């Protein structure tokens, strides 16, 4: 008998809540029979929706709260008065062991603040990072940090690399993911000090990854790299630039293919191939970013995601929960720190990480 | 009678030198009859090539040098022993008034170092920046810095905005270019201190631009913004991410359209529309980045550009030279600093800029 997988949901988050959340949960449940949900939010809105999805209704529990985090709430406001909101309670359910992961849409800053406050960072991790899968010409690759930390030092970057490699092993099924630091050139001299130092640390580290050094922005779509590591400012800009470029080309392509009768006929002939491409690039099929490095799984769905997109984010939560992402990260951190110990490093930061890991293991 | 436009070229720079350089010059000359060239490099390789292009041959002067900068030369090496190289001499020709602009392919770091050393920065500019036109869904927009400065403060960003707006007025013909700072969110609270301070300074500045605040990576391809301002690290990553994404989609599209007989037939019908799109996105049609903020025009061509691409870079040089880019920047800086003076600012940095401008005016 398979064990039930329980996911907590904030029904009130995102641009089209609660409809999209409930519909997305229903799609996810059709795919995974042992899935159950804990749904937090306004029951006067959720319960009527559930009558449309009888199978979903039978495998979920609604916990009512009037309070919700709005899209403009600042992280500080979320921390002050958001812990009993639908978002805060979804995360608390993970902390209490009632759910194995929370899936949340909407206000990213508030999610990050509440998740960090309620779940705390894993031993050995100074700062959590936001990671997601991006489409490439060969398949998908993992990128982090996508915006959790505007400024990062070398220790943050190394920890991101360890977490990203664990993510890739979990989701992409690669034993030693090809991992690179995003930089303005591939030569060792390029970049700022944090990147240069992180490069040196990763070259010497004993982690289950194939560290290949620096990659430039070109490397993002090519699919030669499994894990792209960067600070949250650059990662956020790169992610949105890639999305913006894809949207621009899609808009131009649509316009070009509608330009003449000839091109319209051509589009009809090529339609099934074009739809497959559209599908591969559709952000809803890559929805679901993970707040890595917390003592518990929190998955962020894009605020504007469709129900199909929200179901993808639930799919990421299931993958992470079933494949023990947290365990992989803990073990890799232990190995990494024991390498440093063997080299008799006297760095204070490293020692702090080691101590944290030992205390908890 | 139109005055001759003289452009200096480093014939030995780029992946396919000197062939691409000479062929590109010939293409540019066909378009602009009053164009003349000063070509620096190995005459034993240049002169035989010129025999293929009799019109070009008649309007250029070859100045021989054996020395050249190679792709792996570091900026420091270029400075130590590169001043009499073909690259150094091309830039020196601008300094000496023998040419109105230099167009160089290849080693960007060496170009930047030599250009800055030989030409010096304009009064009021602390650091030069690399700017270029990017394709958007509506036309083109200017982006800077694309990699000249890995770390930037608020004064650098403000100066980049002033220079970028002058670029857009010169090349895009917009009287008040919509200018934005690239950031991880559009709210005033987002981003690092340099960005937040630059935002404040630009809101108060009196410059011929329509400053619209922050834009995210999504804004790059949309075409709603004429000038996107960022530090060189982020700009380089964003530029290359956009290029990488466009290449990825082109590769996927090509694969999709070759997948079946049906899609191949469709491609035939749609071929003229698809070619027009390919043309709009072709980096060779947007080649030619400008080192902004120097006392003289230096244009960087992509090292791997085709001869058509090199001709585009020469086209950018002509646009800049004919439309007095440097004059526009100087006047805008004067206005900007007089605004600050009127506000009786006591910032040391601002005063230094003012003094520099006054000394030279």
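Conditions (1) away from chain B (no Cβ under 14 Å); (2) within 15 Å of the chain's Cα centre (by Cα); (3) crowded, with 19+ Cβ neighbours inside 10 Å; (4) within 30 Å of residue A:322 (Cβ to Cβ), marked per residue:
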| position | (1), (2), (3), (4) |
| --- | --- |
| A:158 | yes, no, yes, yes |
| A:162 | yes, yes, yes, yes |
| A:167 | yes, yes, yes, yes |
| A:172 | yes, yes, no, yes |
| A:192 | no, no, no, no |
| A:196 | no, no, no, no |
| A:235 | no, yes, yes, yes |
| A:241 | no, no, yes, no |
| A:257 | no, no, yes, no |
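Yes/no per residue for (1) in contact with a helix residue (DSSP H, G or I) (Cβ under 6 Å, 6 or more places away or on another chain); (2) farther than 30 Å from residue B:18 by Cα; (3) not assigned by TED's automatic domain parsing to the domain that holds residue B:318:
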| site | (1), (2), (3) |
| --- | --- |
| B:101 | yes, no, no |
| B:114 | yes, no, no |
| B:129 | yes, no, yes |
| B:160 | no, yes, yes |
| B:163 | yes, yes, yes |
| B:191 | no, yes, yes |
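Can you tell me which condition residue B:142 does not meet? The list is (1) assigned by TED's automatic domain parsing to the domain that holds residue B:218; (2) closer than 23 Å to residue B:293 by Cα; (3) out of contact with any strand residue (DSSP E or B) (no Cβ under 8 Å at 6 or more places or on another chain), and all the others hold.
Tallying (1) assigned by TED's automatic domain parsing to the domain that holds residue B:218; (2) closer than 23 Å to residue B:293 by Cα; (3) out of contact with any strand residue (DSSP E or B) (no Cβ under 8 Å at 6 or more places or on another chain), residue B:142 fails exactly one: (3).
Is it true that residue A:179 is touching a helix residue (DSSP H, G or I) at 6+ places or on another chain (Cβ under 6 Å), crowded, with 24+ Cβ neighbours inside 10 Å, at the interface with another protein chain (Cβ under 7 Å from one of its Cβ atoms) and touching a residue at least 24 places away in the same chain (Cβ under 8 Å)?
no
Could you tell me how many of the residues in region A:213-239 are out of contact with any helix residue (DSSP H, G or I) (no Cβ under 8 Å at 6 or more places or on another chain) and more than 18 Å from residue A:137 (Cβ to Cβ)?
Adding up the residues that qualify gives 3.
I'd like the residue in region B:288-340 that is part of a loop (DSSP other than H, G, I, E, B) and out of contact with any strand residue (DSSP E or B) (no Cβ under 9 Å at 6 or more places or on another chain) and, out of all such residues, is modelled with the lowest pLDDT.
B:324
Report yes if residue B:269 is in a strand (DSSP E or B) and either closer than 25 Å to residue B:139 by Cβ or at the interface with chain A (Cβ under 10 Å from one of its Cβ atoms) (or both), otherwise no.
Numbers: in a strand (DSSP E or B): no; either closer than 25 Å to residue B:139 by Cβ or at the interface with chain A (Cβ under 10 Å from one of its Cβ atoms) (or both): yes.
No, not satisfied.
Whether any residue in region B:208-215 is buried (at least 22 other Cβ atoms within 10 Å of the Cβ) and away from every other protein chain (no Cβ under 11 Å) is what I want to check.
Yes; the residues of region B:208-215 include at least one that is buried (at least 22 other Cβ atoms within 10 Å of the Cβ) and away from every other protein chain (no Cβ under 11 Å).
For region A:74-93, name all the residues that are part of a loop (DSSP other than H, G, I, E, B) and either within 17 Å of the chain's Cα centre (by Cα) or surrounded by 21 or more Cβ atoms within 10 Å (Cβ to Cβ) (or both).
To start, the set of residues in region A:74-93 that are part of a loop (DSSP other than H, G, I, E, B) comprises A:74, A:82-85.
Within region A:74-93, A:82, A:85 meet the criteria.
So, residue B:230, is that one more than 7 Å from every other protein chain (Cβ to nearest Cβ), under 29 Å from the mean Cα position of the chain (by Cα) and either farther than 30 Å from residue A:191 by Cα or in contact (Cβ under 8 Å) with a residue 60 or more places away in the chain (or both) or not?
In short, yes.
Quick test of your reading of the structure: residue A:310 fulfils all but one of (1) within 14 Å of chain B (Cβ to nearest Cβ); (2) over 17 Å from residue A:143 (Cα atoms); (3) under 13 Å from the mean Cα position of the chain (by Cα). Name the failing condition by number.
Just one mismatch for residue A:310, condition (1).
Going by what's in this entry, would residue A:243 be described as closer than 30 Å to residue A:176 by Cβ and either out of contact with any helix residue (DSSP H, G or I) (no Cβ under 9 Å at 6 or more places or on another chain) or free of Cβ contacts under 8 Å to residues at least 12 places away in the same chain (or both)?
no
Evaluate the following for residue A:265: is it surrounded by 21 or more Cβ atoms within 10 Å (Cβ to Cβ) and modelled with pLDDT of 80 or more? I'd like the intermediate steps shown before the answer.
Values: surrounded by 21 or more Cβ atoms within 10 Å (Cβ to Cβ): no; modelled with pLDDT of 80 or more: yes.
Here the answer is no, as residue A:265 does not meet what is asked.
Test residue B:135 against the stated conditions and say whether it is modelled with pLDDT of 90 or more and assigned by TED's automatic domain parsing to the domain that holds residue B:229.
For residue B:135, the condition - modelled with pLDDT of 90 or more and assigned by TED's automatic domain parsing to the domain that holds residue B:229 - is not met.
I'd like the residue in region B:94-123 that is part of a loop (DSSP other than H, G, I, E, B) and either closer than 19 Å to residue B:302 by Cα or within 16 Å of the chain's Cα centre (by Cα) (or both) and, out of all such residues, is modelled with the highest pLDDT.
For region B:94-123, the residue satisfying everything is B:100.
The values are calculated or read from the model by the stated rules, or taken from the named source; none is laboratory data. Only a predicted model underlies this, so the values are computations on that prediction, with no experimental measurement involved. Cβ atoms come from the backbone with ideal geometry, glycine included; neighbour counts cover every protein chain shown.
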